[in-house]
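Participant: Supplied in structure tokens, the structure appears directly below.
The values are calculated or read from the model by the stated rules, or taken from the named source; none is laboratory data. The shown structure was predicted, so the numbers you read here are calculated from the model rather than taken from an experiment. All Cβ positions, even for glycine, are placed from backbone atoms using ideal geometry, and neighbour counts span all protein chains on display.
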Protein chains: 2
Amino acid sequence: MTRYTGESRMLVAVDCIIFGFDGTDIKLLLIQRGLKPEKGKWSLMGGFLQENESLEQAANRVLKKLTGLEGVYMEQMKAYGEPLRDPVERVLSIAYFALIDIHQYEKQLSTEYHAEWVHIKKLPELIFDHKKMVENAKKQLRYKAALHPILFELLPAKFTIPQLQILYEGIYDTTFDNRNFSRKVLSTELLIKQKEKDKANSKKGAFYYKLDKRKYKANFQAFLNFIPNPDKLLL
Amino acid sequence: MTRYTGESRMLVAVDCIIFGFDGTDIKLLLIQRGLKPEKGKWSLMGGFLQENESLEQAANRVLKKLTGLEGVYMEQMKAYGEPLRDPVERVLSIAYFALIDIHQYEKQLSTEYHAEWVHIKKLPELIFDHKKMVENAKKQLRYKAALHPILFELLPAKFTIPQLQILYEGIYDTTFDNRNFSRKVLSTELLIKQKEKDKANSKKGAFYYKLDKRKYKANFQAFLNFIPNPDKLLL
DNA sequence: TCAAAAGTGTTGTCGCTACACCCATGC
DNA sequence: GCATGGGTGTAGCGACAACACTTTTGA
């Protein structure tokens, strides 16, 4: 026996929802689609699953092709399979979301794809069901970040607590008490205080911290309850 | 333009991890595979995605074909795409997990598939990567049930708090203080007390409760924190 | 009357929010 | 010295785990 008979085969794609944080705003990396149809319209970066690669490999390949980055935090989100989601022919899409340190990739935007970082609250129209994918990704990111120390992936290796707070406030579209926030974050003991301060944003300056990689990996699955009143914030 | 060119198409399947609870044990509904290869070996129920159906439709079709049930709680879990996961040819599988009230479907096990309810801790060897799917499903169920009132889906319309507790204890493979458990559950205000008692398990008898469907739907996304020390329990 | 499960009451602890207040520095 | 963020101290409240104790009923 060599193949299953009487069943229909279809294309499979991976699409990447790529989040970045520039210190102020949360952004998504979008491209202008190079293929017909909808050529030139805004789209998530994606690609077809090749014959000998796994889904994870495909997602990483697609991300690397656009950004040049490897070893980025990525997570499989959801499969989208409406029969008519792509008007050309049936394409099943597996969506991944990625969190990248925008400073590692801000300038050298591949001109090949006309990629741009777009403010998450000012997204253009997107092709196919990509808008829905983005909405699901935002929701999942909020959900996950309420419980797990995932947002560090968006920051550079050295960062300050106020920077981290701005990031969390952006994700949850709210404000937190800075005094309680810093205490809560420090109480996780995931951060290692550095000697230097960042004086860009205040006269006193805020100490830099680095992530304790070992503890981060060990405690990743723990429920950390970063966010006050998660019930209310998560819709 | 009618099709994308130069890309490879493949089969897509859905596989269902079907959980049930018989009042004492948590079980999985497995079948004995009817197709070659691995014919006769234990497997999850699955089926190929048809040309004009969505993933959800396919999952529901597969579930109905085996159990006759519709409107069952189902959730998309994860896509599995290792190139060689099926030795016959490349098949991408989207796994769904389902929670069903075992009493609605215990006797009329379809002889067509040689289906059986198998104790979750005594699973046989499974074909392909189905073992991994089951493990992921267990983990996701634990995770989700720690925060959301999802396990009611496994119980009949009327149930007692001690029954619910046995279910939770089975899921988390631990024991809870019955006094605190009942208070915690009742504090959610999701349950409506009935007049009758279940006297099968004690002389005093335990009151039956029904789920307040309206509140259940409204509060489903809230973080309910059903479980003490979720950190420690979830691995 | 006693065994056994169901369920209520109570207490101490812990973690959280809210907010007063101090700190370091550039101007 | 004063404005501006950064950060610590503290008090009150609420949630929760632990566990004593009462209730109900069959045998």
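Participant: Which members of the range B:176-190 meet the condition of being more than 6 Å from DNA strand D (Cβ to nearest atom), part of a helix (DSSP H, G or I) and not basic (Lys, Arg)?
Facilitator: Selection gives B:178, B:181, B:182, B:185, B:186, B:187.
Participant: Report every pair of residues separated by at least 6 positions or lying on different chains whose Cβ atoms are under 6 Å apart, first residue within the range B:172-183 and closer than 17 Å to residue B:145 by Cβ, second more than 6 Å from DNA strand C (Cβ to nearest atom).
Facilitator: Taking only residues 6 or more apart or on different chains, the pairs are B:172/B:233; B:175/B:169; B:181/B:165.
Participant: Another one. Could you tell me which of the residues B:104, B:32 is in contact with a helix residue (DSSP H, G or I) (Cβ under 9 Å, 6 or more places away or on another chain), surrounded by fewer than 22 Cβ atoms within 10 Å (Cβ to Cβ) and more than 22 Å from residue A:5 (Cβ to Cβ)?
Facilitator: Being in contact with a helix residue (DSSP H, G or I) (Cβ under 9 Å, 6 or more places away or on another chain), surrounded by fewer than 22 Cβ atoms within 10 Å (Cβ to Cβ) and more than 22 Å from residue A:5 (Cβ to Cβ) holds for just one of B:104, B:32, which is B:104.
Participant: Can you pull out every residue in the range A:152-165 that is surrounded by 20 or more Cβ atoms within 10 Å (Cβ to Cβ) and either assigned by TED's automatic domain parsing to the domain that holds residue A:119 or under 18 Å from residue A:117 (Cα atoms) (or both)?
Facilitator: Within the range A:152-165, A:154, A:155 meet the criteria.
Participant: List the strands (runs of 3 or more DSSP E) that sit entirely inside the range B:64-162 and contain at least 2 residues that are closer than 30 Å to residue B:9 by Cβ and not aliphatic (A, V, I, L, M).
Facilitator: The qualifying strands (runs of 3 or more DSSP E) are B:73-80, B:91-99.
Participant: Could you grab me the full set of residues in the range A:118-166 that are within 18 Å of residue A:93 (Cα to Cα) and among the β-branched types (Val, Ile, Thr)? Reasoning before the result, please.
Facilitator: The first filter runs over the range A:118-166 and keeps only residues within 18 Å of residue A:93 (Cα to Cα), leaving A:126-138, A:140.
Once the filter is applied, which keeps residues that are within 18 Å of residue A:93 (Cα to Cα) and among the β-branched types (Val, Ile, Thr), the range A:118-166 yields A:127, A:134.
Participant: Between a first residue in the range B:189-210 that is assigned by TED's automatic domain parsing to the domain that holds residue B:159 and free of Cβ contacts under 8 Å to residues at least 40 places away in the same chain and a second residue that is part of a loop (DSSP other than H, G, I, E, B) and within 8 Å of DNA strand C (Cβ to nearest atom), which pairs have beta carbons less than 9 Å apart while being 6 or more apart in sequence or on different chains?
Facilitator: B:196/B:205; B:197/B:204; B:197/B:205; B:198/B:205; B:199/B:205
Participant: Kindly indicate whether any position in the range A:151-160 is away from chain B (no Cβ under 14 Å), under 23 Å from residue A:75 (Cβ atoms), more than 10 Å from DNA strand C (Cβ to nearest atom) and hydroxyl-bearing (Ser, Thr, Tyr).
Facilitator: no
Participant: Have a look at B:112, B:135, B:89, B:116 and point out the one that is modelled with pLDDT of 90 or more and farther than 21 Å from residue B:167 by Cα.
Facilitator: One residue alone meets the criteria, B:89.
Participant: Also: From A:98, A:59, grab the single residue that is of a type in the set (A, V, I, L, M), within 14 Å of chain B (Cβ to nearest Cβ) and in contact (Cβ under 8 Å) with a residue 12 or more places away in the chain.
Facilitator: On the way: A:98 fails: within 14 Å of chain B (Cβ to nearest Cβ).
Exactly one residue qualifies, and that residue is A:59.
Participant: Next question. Looking at B:75, B:82, B:38, can you tell me which residue is under 30 Å from residue B:162 (Cα atoms) and within 14 Å of another protein chain (Cβ to nearest Cβ)? Don't jump to the end; show me each part of the working.
Facilitator: Numbers: B:82 fails: under 30 Å from residue B:162 (Cα atoms); B:38 fails: under 30 Å from residue B:162 (Cα atoms).
The conditions single out B:75.
Participant: Inside the range B:173-195, can you point out the residues that are hydroxyl-bearing (Ser, Thr, Tyr) and near DNA strand C (Cβ under 10 Å from one of its atoms)? If you could, list the steps in order and put the result at the bottom.
Facilitator: Step one: list which residues in the range B:173-195 are hydroxyl-bearing (Ser, Thr, Tyr), which gives B:174-175, B:182, B:187-188.
Residue satisfying the conditions is B:182 alone.
Participant: Considering only residues that are within 14 Å of another protein chain (Cβ to nearest Cβ) and outside any loop (DSSP other than H, G, I, E, B), look in the range B:9-35 and name the one that is farthest from residue B:140 (Cα to Cα).
Facilitator: Ranking the qualifying residues of the range B:9-35, first place goes to B:10.
Participant: May I pose another question? Restricting to the range B:130-161, count the residues that are farther than 13 Å from residue B:17 by Cα and of a type in the set (S, T, N, Q).
Facilitator: Number of matching residues: 1.
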